[in-house]
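Novice: Dumping the structure here so I can ask a few things about it.
The values are calculated or read from the model by the stated rules, or taken from the named source; none is laboratory data. Not measured: the values here are computed from a predicted model. Note: ideal-geometry Cβ built from the backbone for every residue, glycine included; neighbour counts use all protein chains shown. Ligands, DNA and RNA are excluded from the accessible area calculation, which covers all protein heavy atoms including side chains. Shrake-Rupley method; radii C 1.70, N 1.55, O 1.52, S 1.80 Å.
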Amino acid sequence: QASTADRYPWGSVTKLLTGASVLRLVAKGKLSLDDEVAPLVDPFLARMAASDPSQGFSSMADLWGPENVSGTTIRQLLSMTSGIPDFDTATPCMPPGRAGCVPTDPLRKTLYSDPAHNWSPTRLMGVPWVAEHWKGRCKRLVPMMRPFCYSSTNFVLLGMVLAAREKDATWETLDQAAPLPAYLKEQLVFATMGSPRNYTPVHGYDHTTYDMPPGVLNSHDNWEVSGVFSGWTASDIVATAAAVADLTWEVYGPDHNILPEEVVNLMIPAKNAIYGLATFNLDRNTGQTGAKYGHAYGHLGATYGYQSATAYFPGLQAAITVGTNIERDFQEQPAQAMCLAYSALAGLSTNRTVSCTFDSGSYFSGGCKCTPLEDEATETLFA
């Protein structure tokens, strides 16, 4: 039975903290969003290659060519607009149920075949579908939306930017908790080695259709699969839902304890963008379309056997976080739970009854529609 004390692997929610850590250096003038990444990361890669020649590369140019990595900036990594390929190979069928489409995930099969193996970030950067596979210019996933090409490899590189700034000798020694308020430092665990079994009693179940015959779901318990944490600063947080809600509040909330307000504003996606800086546009998780109550942003967190979401809702000045130990193709369970939780909170705050309906949404956004909360009818309740 689920408990509020349960710790979950949060997958890509980790990117929110990694992005905030980089932006903290920007706010202090130690980095610029338009700094090129290669000069920052290459000395770090070279140091690790010198101590481990099996790494096979000592610079970003070794992986993707100097003509490609030149001009790749911190801003592009944070905004998911670089041409750097993703080590994650999950390829769902979009739209859902598309005729003739078979969802595939070669990395998943590899992780399951050797569940005790720990995948280092440099190992992931050197796999055949990442090394020498520059993606080029991002495309529009949805008409009228800004170009976007999601890649967890971007946030591995941002972790290396942080490690290089701290003069760490290797990726394992980076203190990912450094920017956190003191009360949160002990609440977030960073799983750089091992499987979920080493950090939590909560088992995680793969119920996706990846690499399965039509109409058949996976049924795989990932509690002892070390690959759940593949990705380091892209995907290694383990924590309770309350701790991640606190992290979300500290990043986006009105107290601005981690970042100054003007930097937080840079993170927030535009209305026509899926992603801002280390931040998803989660407006569709509100079930609303109004400017005040239809606005939300945060991060999704899909990993093997676990799916989650965290969001800040500025109209209510509230953070809501959902952790689950089930993985499905389109992440609908955290999206729908978040919509229901937000609607319940909004209903209580505005003294209105809110009901919702759901559709399938898409991989990066939920699909819920709820009783409209008209700003003019509720404004006085927040005065």
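Novice: Which members of segment 316-333 meet the condition of being out of contact with any helix residue (DSSP H, G or I) (no Cβ under 8 Å at 6 or more places or on another chain), open to solvent by less than 30 Å² (accessible area, probe 1.4 Å) and modelled with pLDDT of 95 or more?
Specialist: 327
Novice: If you don't mind, there's one more thing I want to ask. Here are 261, 250: which of them is acidic (Asp, Glu), under 12 Å from residue 17 (Cα atoms) and surrounded by fewer than 24 Cβ atoms within 10 Å (Cβ to Cβ)?
Specialist: 250
Novice: Would you tally the residues in segment 190-209 being open to solvent by less than 40 Å² (accessible area, probe 1.4 Å) and among the charged types (D, E, K, R)?
Specialist: Looking only at that region, the number is 1.
Novice: Working only within segment 288-301, note down all residues that are open to solvent by 10 Å² or more (accessible area, probe 1.4 Å) and part of a loop (DSSP other than H, G, I, E, B).
Specialist: Within segment 288-301, 288, 289, 290, 291, 292, 295 qualify.
Novice: I would also like to ask the following. Could you list, in sequence order, the residues of segment 136-170 that are of a type outside the set (S, T, N, Q), over 20 Å from the mean Cα position of the chain (by Cα) and part of a loop (DSSP other than H, G, I, E, B)?
Specialist: Across segment 136-170, the qualifying residues are 136, 137, 143, 144, 166, 167, 168, 169.
Novice: Looking at the structure I just gave you, is residue 96 assigned to a loop (DSSP other than H, G, I, E, B) and touching a His at 6+ places or on another chain (Cβ under 8 Å)?
Specialist: The answer is no for residue 96.
Novice: Shifting gears a bit: Within segment 231-247, which residues are buried (at least 24 other Cβ atoms within 10 Å of the Cβ) and either of a type outside the set (Ser, Thr, Tyr) or assigned to a loop (DSSP other than H, G, I, E, B) (or both)?
Specialist: If the condition is that a residue be buried (at least 24 other Cβ atoms within 10 Å of the Cβ) and either of a type outside the set (Ser, Thr, Tyr) or assigned to a loop (DSSP other than H, G, I, E, B) (or both), then 231, 232, 234, 235, 236, 237, 239, 244, 247 are the ones that fit.
Novice: Let me ask something additional. What pairs can you find where one residue is in segment 327-342 and aliphatic (A, V, I, L, M), the other is part of a strand (DSSP E or B), and their Cβ atoms are less than 7 Å apart, with a gap of 6+ or different chains?
Specialist: 335/309; 337/322; 338/309; 338/311; 338/320; 338/322; 340/356; 341/320
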